[in-house]
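The structure appears below as structure tokens.
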Amino acid sequence: RRYRNYSFGWSQDHLVAKWVAYPLCGFYTNKLADRQNSWAYDPLLGSAYSSAPFGGYGGNYARGHQLPSADRLCCKDANRQTFYGTNLTPQLNEHNEGIWQGLEDRVRMIANKADTTYVVTGCVVDGSGKTTVDSDGKKMTVPKAYFKALLRYSKSSTLGQWNAAAFYLEHRAYAKESGGYDFKAVSMSVDALEELTGLDFFVNLPAKVGEDMAAKLEAQDPKNSSVWW
């Protein structure tokens, strides 16, 4: 069976994908395969152009997934592809294993209760003054921020079939309170995230729901919707 895994927007100058886009629902997270840890060059780019994630990155940086491994447990091949260099960025351990992992868990939980959630995960490298090296010694830019844009579709939802949200996180450690991380504090509308990143998300949405509805969805403030909390 063939199905979509992920698409990415690659920056050869920075040796990271500025965005990774993918659908998410229970089909992808239903555990039929284990985490593969198959660190590899992306075969679409080859060893000359893909980053090399084999032995880790220089400095205190984890090999941070943009599409999480736990979001692709439907088969071994889909999970292996999340370990390609194009899906990985140099990420501080305390960020990767802290608020970022917490946000991934929340998005997965929300998506599993919907028909499909369209996710764009990305990093902000323009203006970053930090670099590291991959396991081949090639220079990589360390992102200064990470983000997620979400478009949730649920046919039977009483809160509306379509809902949108976005999150923007500075690349640093975040304090975890007794109630967990404050995800509301880093949430915003898709419009606001577009202003911050210069990217245009969900470009096919107007053709699906109409220009007015698409504009309304992208202007939604997730802080005011129980869909996300």
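The values are calculated or read from the model by the stated rules, or taken from the named source; none is laboratory data. Note that the structure is a prediction, hence the values are computed from the model and not measured. Positions of Cβ are backbone-derived with ideal geometry, glycine not excepted, and every protein chain shown enters the neighbour counts. SASA here: full protein model, heavy atoms, side chains in, ligands and nucleic acids out. Shrake-Rupley method; radii C 1.70, N 1.55, O 1.52, S 1.80 Å.
Where the only charges are on Cβ atoms (+1 Lys, Arg; -1 Asp, Glu), what is the dipole of the range 121-229 about its Cα centre, to the nearest 20 debye?
Dipole of the range 121-229, to the nearest 20 debye: 380 debye.
By the scheme Lys and Arg +1, Asp and Glu -1, what is the net charge of all other residues having a beta-carbon under 13 Å from that of Val119?
Counting the neighbours of Val119, the net charge comes to +4.
List every residue whose amide H lies under 5 Å from the amide H of Ser189, counting only residues 5 or more places away in sequence or on a different chain, with H placed 1.01 Å from N in the peptide plane.
none
If you take every residue apart from Ser225 with its C-beta less than 13 Å away from the C-beta of Ser225, what net charge results, scoring Lys and Arg +1 and Asp and Glu -1?
Numbers: positive: Arg152, Lys184, Lys216, Lys223; negative: Asp221.
Here the count lands on +3.
Quick check: Cα centre of the range 172-229 to Cα centre of the range 34-104, how many Å?
24 Å
Compute the signed sum of charges (Lys and Arg +1, Asp and Glu -1) over the other residues within less than 12 Å, Cβ to Cβ, of Tyr174.
-3
Show me, for the range 25-40, the HN-Hα J-couplings you get by feeding each phi into the Karplus relation (A = 6.51, B = -1.76, C = 1.60, θ = phi - 60°), rounded to Hz, glycine and proline as x.
The phi angles translate into 6, x, 4, 7, 9, 4, 6, 10, 9, 8, 4, 8, 6, 9, 4, 7 Hz.
Considering only protein heavy atoms and a probe of 1.4 Å, how much of the accessible area of the range 75-229 is carbon and sulfur, as a whole percent?
Reported share for carbon and sulfur atoms: 46 percent.
HN-Hα J couplings of the range 181-189 from phi, Karplus 6.51/-1.76/1.60, θ = phi - 60°, integer Hz, Gly and Pro as x?
Along the range 181-189, the couplings run 7, 8, 6, 4, 5, 10, 8, 6, 6 Hz.
Before I look further, what does the chain give for accessible area per residue, probe 1.4 Å, in whole square angstrom?
Numbers: 10850 Å² over 229 residues.
It amounts to 47 Å² per residue over the chain.
Helix-only estimate, please: 222 nm mean residue ellipticity of the chain, summing -39500 (n - 2.57) across DSSP H runs of length 4 or more and dividing by its residues, to the nearest 500.
Values: 7 runs with 49 residues, N = 229.
It lands at -5500 deg cm²/dmol.
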